[in-house]
Amino acid sequence: MADEKLTREDCLALLRETWERLLREGFDRYPKRADFEEAQVVAIKAFLGPWPRALEAAGIKPPRNGDRLERNRQKRIAAKRRRNAERKNKTVPEDPENKE
């Protein structure tokens, strides 16, 4: 398989087959990059993106929580506002939705 070109579907199948093999062998973990040849890892990442997204695309790992992404985005915005305010020697009003 080293010389043959992989397709997106081949990459998905390769991830699923490796995951199933790991489960059969008693390993309770997601496939790691180390479980594959270098050329396979390159193809998987080229077609499916970063490793966690590749596992999600193959149906192995549950998709990311969208709420978490939005919460992180809001934190970055608030941090940027604080930095900008510090540069101007101003204080930033507290976000009334972010009181804990």
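With both labels modelled 7 Å from their Cα along Cα-to-Cβ, the residue 89 to residue 39 distance reads 6.4 nm. Computed from Cα atoms, the angle from the helix 8-24 axis to the main principal axis of the chain rounds to 80 degrees.
Compare the peptides 67-73, 4-10 by average per-residue count of other Cβ atoms within 10 angstrom and give them in order, highest first. Please report the intermediate quantities before stating the final value.
Working: 67-73: 9.7, 4-10: 11.9.
For the peptides 67-73, 4-10, the packing ranking is 4-10, 67-73.
For a quick protection proxy, order the peptides 77-86, 50-59 by their average other-Cβ count within 10 Å, most packed first. Numbers along the way, then the final one.
Details: 77-86: 11.6, 50-59: 16.0.
Those peptides, ordered most packed to least, come out 50-59, 77-86.
For the chain, the longest principal axis of the C-alpha atoms and the axis of helix 38-48 are separated by about 50°.
Read the figures in this text as sums done on the coordinates, not as results from a lab. These figures come from a predicted structure and were not determined experimentally. Neighbour counts run over all protein chains shown; Cβ positions are idealised from the backbone, glycine included.
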